[in-house]
1. When the residues of the stretch 289-301 are filtered to those that are buried (at least 24 other Cβ atoms within 10 Å of the Cβ) and outside any loop (DSSP other than H, G, I, E, B), which remaining residue is nearest to the chain's Cα centre (by Cα)?
2. Among the residues in the stretch 187-199, are any surrounded by fewer than 24 Cβ atoms within 10 Å (Cβ to Cβ) and within 30 Å of residue 236 (Cα to Cα)?
3. If I filter the stretch 4-32 down to residues being in contact (Cβ under 8 Å) with a residue 12 or more places away in the chain and in a loop (DSSP other than H, G, I, E, B), which single residue comes out as farthest from residue 341 (Cα to Cα)?
4. Applying the selection to the stretch 252-282, what residues are touching a strand residue (DSSP E or B) at 6+ places or on another chain (Cβ under 6 Å) and either over 17 Å from residue 380 (Cα atoms) or without any contact (Cβ under 8 Å) to a residue 40 or more places away in the chain (or both)?
5. Quick one: which residue in 348, 364, 358 is over 19 Å from the mean Cα position of the chain (by Cα), crowded, with 22+ Cβ neighbours inside 10 Å and modelled with pLDDT of 95 or more?
6. Quick check: is even one residue across the stretch 110-126 assigned to a helix (DSSP H, G or I) and under 30 Å from residue 255 (Cβ atoms)?
7. Does residue 319 count as buried (at least 22 other Cβ atoms within 10 Å of the Cβ), touching a residue at least 24 places away in the same chain (Cβ under 8 Å), more than 14 Å from residue 290 (Cα to Cα) and touching a helix residue (DSSP H, G or I) at 6+ places or on another chain (Cβ under 8 Å)?
8. Applying the selection to the stretch 73-96, what residues are touching a helix residue (DSSP H, G or I) at 6+ places or on another chain (Cβ under 7 Å) and within 30 Å of residue 207 (Cβ to Cβ)?
């Protein structure tokens, strides 16, 4: 089914291990710079140190003492939302009188940074309730809505590593249904000790900087950050304010395995087909693909085969070598990158790739690459077999 009501993007915001704002992210992506290192905000007794991509600087938010209790995920989401709103020409006062929705994806959010409380409780101590109070106040979508005094629908999407992609797709659906005038949508996730230890136990983390799609890939690097887009109805926005358009969205589940994608990629193929149907375009109109590309053996092999089958010859890359895998924020950060690349007419190199895997019939771009066309695709493959795809277009094209 096609959707006649256009949904446009008027603002972009992003912070990650690649940069503290969108401009800094893009500078490092197109310069081939990445900054993996040992975790600095927490420690473990694991004998192996796995590199992560944490934010390299702290960020400042207009919060009072009571609001500083928000957990890091909520603060990441708010920081990216404020950047995106500023880019779209909005401040808190200019949102008054509009029905503004908030739809944010996350995976663990702040929940797994409560382990000090549980450790003390199990040891027979009487820990204070401040950590629990922080947790209860830190739903990332609610943090944005509360801080900006918004009155539209508020939803946090928790759908593993497809969460940020799904949140943007859902936000676009709200606009098409007439539920909102504007939607602040995207994803956010912070690093935590439990997440780090959990992925280590799955044995899918690399001890060196990750190498998406390379034959010698050994796993992912974790990261943190947030990506936010401002979505508005295209019939109510001046063309000069349009940064991009959401043409299509598809979501499908493999229902195959807790962590591994289905070997034939059926769920991803279904999500791709649905997104193409909604966008009412052919595969040949896609200029480039921002792939999920975690650097894990199974994901990259199955994803690469699906791309070869469904979107043959279309240039693709993974940006996770620059950001790490930011879990619930990943799809949103990658959607922001996709829109920014459409504006530039260029994509960055798939950093870390050096040698073709004979089990993957295609290779990502290995240098900054210009493209023709105005449509890009961003896709996410998540634990639980969740697959989500966004088809995005440049400006008011």
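The values are calculated or read from the model by the stated rules, or taken from the named source; none is laboratory data. Just so you know, these numbers come straight off a predicted model, no measurement behind them. Using ideal geometry, Cβ is built from the backbone for each residue, glycine included, and neighbour counts are taken over all protein chains shown.
1. Selected residue: 290.
2. First, the residues of the stretch 187-199 that are surrounded by fewer than 24 Cβ atoms within 10 Å (Cβ to Cβ): 193-199.
Subsequent filtering for residues that are within 30 Å of residue 236 (Cα to Cα) retains none.
No, the stretch 187-199 contains no residue that is surrounded by fewer than 24 Cβ atoms within 10 Å (Cβ to Cβ) and within 30 Å of residue 236 (Cα to Cα).
3. Among them, the one singled out is 5.
4. 278, 279, listed by residue number.
5. Values: 348 fails: over 19 Å from the mean Cα position of the chain (by Cα); 358 fails: crowded, with 22+ Cβ neighbours inside 10 Å.
Exactly one residue qualifies, and that residue is 364.
6. Taking the stretch 110-126 and keeping what is assigned to a helix (DSSP H, G or I), we get 111-113, 115-122.
If we keep only those that are under 30 Å from residue 255 (Cβ atoms) too, we end up with 111-112.
Yes, the stretch 110-126 has at least one match.
7. Against the criterion (buried (at least 22 other Cβ atoms within 10 Å of the Cβ), touching a residue at least 24 places away in the same chain (Cβ under 8 Å), more than 14 Å from residue 290 (Cα to Cα) and touching a helix residue (DSSP H, G or I) at 6+ places or on another chain (Cβ under 8 Å)), residue 319 does not qualify.
8. Hit for the stretch 73-96 is 73, nothing else.
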